[in-house]
Structures are given as C-alpha cells and as structure tokens.
Number of protein chains: 4
Amino acid sequence: MPRVVEPQGVEGRTVTRVRYTETDRMGVAHHSHFLAWFELGRTELMRERGCPYGELEDREGVFFPVIHATAAYRAPARYDEQLSIATRIASVRGARIVFEYEISRAADGTVLATGSTEHAAVDARGRPRRMPAELRRKLEGLDA
Amino acid sequence: MPRVVEPQGVEGRTVTRVRYTETDRMGVAHHSHFLAWFELGRTELMRERGCPYGELEDREGVFFPVIHATAAYRAPARYDEQLSIATRIASVRGARIVFEYEISRAADGTVLATGSTEHAAVDARGRPRRMPAELRRKLEGLDA
Amino acid sequence: MPRVVEPQGVEGRTVTRVRYTETDRMGVAHHSHFLAWFELGRTELMRERGCPYGELEDREGVFFPVIHATAAYRAPARYDEQLSIATRIASVRGARIVFEYEISRAADGTVLATGSTEHAAVDARGRPRRMPAELRRKLEGLDA
Amino acid sequence: MPRVVEPQGVEGRTVTRVRYTETDRMGVAHHSHFLAWFELGRTELMRERGCPYGELEDREGVFFPVIHATAAYRAPARYDEQLSIATRIASVRGARIVFEYEISRAADGTVLATGSTEHAAVDARGRPRRMPAELRRKLEGLDA
C-alpha cells in the first residue's frame, strides 16, 4: 500500500481532465492512464521547484527512469471529469527518489487513486549516477 | 515487491513486440505500457482456460476492474524487441483475484519487469458481486 | 489537404502540454497523439458552446464517431512544450459534422500541424440518426 | 480519400488483436489507435523486405517521420477481435515514401478502415536527406 498523501505533505497540485481516448469499454478511465497522470504531477512539481525535468535531461544529462510503481484504485474516473493531482516527494536517498500521488475528483474531492513511483538517477547510457548537488538541494528542499 | 513468477508457476505465456508508439524520448518503452502488456498476458491466459474476458463482460455481466497494481522495472524494453509475457493466477478469494506477471526479452530471456494486478469482480454498475460458480472453478483450476 | 484554419475562423482555443508518455524514440511527440489533441480541441469547443459532448452521449443518446481523419505535420512537438489548439466547425450537413484544427507552439506561434475530422451522428447502437434540433442550432450557430 | 488497397497490391500482411486499453467508452476501439496499427503494418512490411526500421534509425541514421496521414473508418473494431493489417508501398519519390493500409476483421474479412501515411526521410537532426541507395532499391523492389 502506498502511504497516504497527507494534506500537510502536499507539495504540488495540478489539474487535468479525463480525455475520451483515456476511457475504455467499461465506461471509465483505463487504469494505465493513472501512471501518465502521476507523471503530470511530478512534471509540474519539478517545474515549480525550479528543476524542470526536460532541462535535467537536456542540460544535465540526468534521467529518472521509473524502477518501481504502485497504484491503488478506489473509485472510477469518468470522461471529462476534472482531476486534481497532488504530488509530494517522499524521499531522496543516494541516486533514488520516491514520489507519492493522490488523484481526486475536483468537483467533490473524492479520492480516486493513490500511488507511488521510485526513480533511479542515471546518465544517458542508463548507468547509475549521482544527482548534481544543486538538484539534490532543490529536491531535498521539496521534502523539508 | 511482487512475488517472483517461478517457472513452475507459469500458467500462460504470450508474446508481443514493442511498438514505436510505446517508446519515449529516453529511447525505450515508457513504463506505463507494461500495464497494457500485463493485460495482454491475462487476456490470453483467460482465453486459454476457457473463460475469454470479453465474454465474461458481455454474457455474464462480470467485470474485473483493477484495484491495485505494482510493477518493478529491471531493464529497458527497446523498440521492436519481442517480449515474452508470463502470467499466473496467484490467488482467487471471494470476489478478488490476483494475477502476477513476468516480462522478459524473448531473444535472451533477460527479465525486464515483474508485476501484479488485483481485481474485484463487479457488475455493470460497479457493485461487488460473486463470481459465477463455473468461472470460479475454471480460475481455481488455473492455480492448481 | 485540410483547409487552413484562418485566424478569423477560429472558434475555440485551448492549451495543453506535451506529456512525456506522448514522446517517442525520435525525441518528439508521436504523430498519433495529434488525434487526441484534436479531440481535446473539439471537446472544449463543444463545452464552450453549451453542448458538452459527454452530456450528448449520456442524456441525448447521440454519439459522434470519427469517420474520416486527416493530419498534416509541419514541425515536431517536443516534451513539455505548451501547445495551442485552435478548432473550428467547418460544416454541419444532415447527420455529418466536420471539425478543422490547427496546433501551434504557444511560445512562438509556429504551426506544428493542421487536420480535420468528420463525424457521423449515430445512436447507441451505431445507427445513423438526426441530430436533435437544439444541438443543430447550437452547432450551426458555431459556424455563423 | 486514400486509394483502396487492392488485393493484388497487398505487399505485407500482419495480425494483431484489439487491446482492452485501446477501447473507449463507445465500446469500440478509439480511432487514434488505427494509426498505431498502420505503424505495425509498415514495421512488419519493412522487416520482411530486409530493411527493419529500427536498424535504419540505429545504423543508417535515417528517420521516416510521418508528414501526412489519413484514415477512413467504415466499421468499428471491438475488444479482442483479431485484425488483419494489409500494407503496401504506394510510391517512393525522392525523399518521400507513401504507405497505404487496409485493416479488416480477420473473422469475416469485413474492412474496418483504410488509410495512408506519407513519410519524409530525414537525418537525426530532422534535416531532409537522400535515402541510402540500397534502401531505395529494396523499397522500389517492394512496389514492383
């Protein structure tokens, strides 16, 4: 079970709507798209904190592939509903970073899913590497 | 950590290739597509065992939404590589069923990812329901 | 060739960002996702004009499956770039409706792609049906 | 309108099944996935003809981004149906190549969609480039 994202721990929040192409024949969003929404959450969190992920890749040569992911689904997300994605950094240790997520329906606050992703810092060839000091500082600041 | 899918526990095996649209700018398959490949694995397993999932929905009114999913990524999947998806049923209890997966590179057997999905049997309105007796028998047979 | 979406013909405009999962190993957004962005454009256009598409399906039993689509790609869309999607209704005739799109990079206005989709109004069983009078009025108003 | 893919013009044929994640709340495959299936068709065609696309990119530095795409949808593709994808090369001129596709339901041969994609040969930086002579020979052979 992913740890619950406590309100006081919320570091970033962004919104999106469920796209038609994200629904499936069960009439609700397919479970795989929650991983894409988690990704939206961490993209916005990193941008807000001054380390946009695209620049990390392009300028620093640091990549954060996902090495572990979990998702717990509580209620369905429906077409065109506005979703609120809360994201926090749970830990930064060595070359590892863990993000936690909570996705809720914006209209009434119902929690639809929680989850987590663990990432390893690697270089362009996929070899583990240390995070640049400034990046670590910004990320650790996120968790303060 | 998902339990390792032991060779003796492999119940179904299917293959697919990494599509171009499944790769991302890191040059490898995006992590979210492993959930779709897990789904391929359980679709084929259920077909082989005489309970094709589409017929469950259309004829029996039984749906198996995912309520929990995990994935552990060990090595990247590259464009056009053939993947081997091993799937087993780990447990069938009440209205819950758990599948476990291991995805390996067909060319050399390298394990790329393992994972699990837990499903709840529900009716067309999303209410929990018992699995039909015959379905349960077939599924429990899978685990024998 | 889709007709160019002239500035004076722009009926709706919405924005989105290129997601990581939408990029491919060429380092840019995969061409198939432009169809999803076109869909975002018409979803927002219909919402603004008082006929949200989800309500059409759920309340009126009117569905608008795509029967023809075109896309002309001029320049790549890159990860995390903000896109501006301009959408207009090109024609409403009988049970047919044609939308046209122009997607540009928000930062500098460069046009990345243009396209069109043609839709047929059908009922829940896929049979052609007339559009409700009020819907037609709203849609024709769009084209005025 | 894309030219119809005549049986005598079929150069390659491959099969796939409609995945659950490819369906939408209309209960059928979302139109955007046909572009991914077209891509499967040309991937297999190029492999059969001795020029696997991945090797073109990795060894020759030749990329074939899509510059124009069309799709005409005639009948819905449903979950788990086996699809047959017929692909032919319609023209190779200068740095441009056009593929045409016809997707049918394997069970009864019903044509579900036809379409085309036009590609421009470019280098890793996206600049137009000549196709290597051997590649052109193989591709022109395809059209013979």
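The values are calculated or read from the model by the stated rules, or taken from the named source; none is laboratory data. It should be emphasised that the depicted structure is a prediction, and the values quoted were computed from it without experimental measurement. Ideal geometry is used to build each Cβ from the backbone, glycine not excepted, and the neighbour counts take in all protein chains shown.
Filter segment C:21-34 down to the residues that are of a type in the set (A, V, I, L, M, F, W, C), without any contact (Cβ under 8 Å) to a residue 60 or more places away in the chain and surrounded by 23 or more Cβ atoms within 10 Å (Cβ to Cβ) and list them by number. Outline the logic, then answer.
First pass over segment C:21-34, keeping only residues of a type in the set (A, V, I, L, M, F, W, C): C:26, C:28-29, C:34.
Of the ones still in play, those that are also without any contact (Cβ under 8 Å) to a residue 60 or more places away in the chain are C:26, C:28-29.
Residue satisfying the conditions is C:Ala29 alone.
One line per residue, one yes/no per condition, for (1) closer than 21 Å to A:Glu134 by Cβ; (2) modelled with pLDDT under 95:
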{"position": "A:Gly9", "(1), (2)": "no, yes"}
{"position": "A:Gly12", "(1), (2)": "yes, yes"}
{"position": "A:Glu22", "(1), (2)": "no, no"}
{"position": "A:Gly94", "(1), (2)": "yes, yes"}
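Can you tell me which residue in segment A:9-25 is nearest to A:Ile85 (Cα to Cα), limited to those that are in contact with a Lys or Arg (Cβ under 8 Å, 6 or more places away or on another chain) and within 12 Å of chain D (Cβ to nearest Cβ)?
Going residue by residue through segment A:9-25, those that are in contact with a Lys or Arg (Cβ under 8 Å, 6 or more places away or on another chain) are A:9-12, A:18, A:20, A:23-25.
Now narrow it down to the ones that are within 12 Å of chain D (Cβ to nearest Cβ): A:18, A:20, A:23-25.
Details: A:Val18: 12, A:Tyr20: 19, A:Thr23: 18, A:Asp24: 21, A:Arg25: 24 Å.
The selected residue is A:Val18.
Tell me, which residue of segment D:85-95 that is free of Cβ contacts under 8 Å to residues at least 60 places away in the same chain and hydrophobic (A, V, I, L, M, F, W, C) is nearest to the other protein chains (Cβ to nearest Cβ)?
The selected residue is D:Ala95.
Out of all the residues in segment D:61-80, which are in contact with a Leu (Cβ under 7 Å, 6 or more places away or on another chain) and surrounded by fewer than 17 Cβ atoms within 10 Å (Cβ to Cβ)?
Selection gives D:Arg74, D:Ala75.
Mind listing whichever residues of segment B:47-84 are touching a residue at least 40 places away in the same chain (Cβ under 8 Å), small (Gly, Ala, Ser) and more than 7 Å from chain A (Cβ to nearest Cβ)? So that I can check it myself, show each step before the final result.
The initial filter retains those residues of segment B:47-84 that are touching a residue at least 40 places away in the same chain (Cβ under 8 Å), namely B:49-51, B:56, B:60-74, B:76-84.
Next, from what is left, pick out any that are small (Gly, Ala, Ser): B:50, B:61, B:69, B:71-72, B:77, B:84.
B:Gly50, B:Gly61, B:Ala77, B:Ser84, listed by residue number.
Looking at segment A:9-43 only, could you name the residues that are closer than 20 Å to A:Ala107 by Cβ and of a type in the set (Asp, Glu)?
Correct list: A:Glu22 only.
Give the residue, chosen from A:Ile67, A:Ile97, that is in contact with a Ser or Thr (Cβ under 9 Å, 6 or more places away or on another chain) and farther than 30 Å from B:Ala120 by Cα.
Criteria check complete, one pass: A:Ile97.
B:Phe38 fails exactly one of the following numbered conditions: (1) outside any strand (DSSP E or B); (2) in contact with a helix residue (DSSP H, G or I) (Cβ under 7 Å, 6 or more places away or on another chain); (3) closer than 19 Å to B:Glu11 by Cβ. What is the number of that condition?
So B:Phe38 meets the others, but not (2).
Which of the residues spanning segment A:26-35 are more than 7 Å from every other protein chain (Cβ to nearest Cβ) and either of a type in the set (A, V, I, L, M) or out of contact with any helix residue (DSSP H, G or I) (no Cβ under 6 Å at 6 or more places or on another chain) (or both)?
A:Val28, A:Ala29, A:Phe34
State whether the residues of segment A:114-123 include one that is among the hydroxyl-bearing types (Ser, Thr, Tyr) and out of contact with any Pro (no Cβ under 8 Å at 6 or more places or on another chain).
yes
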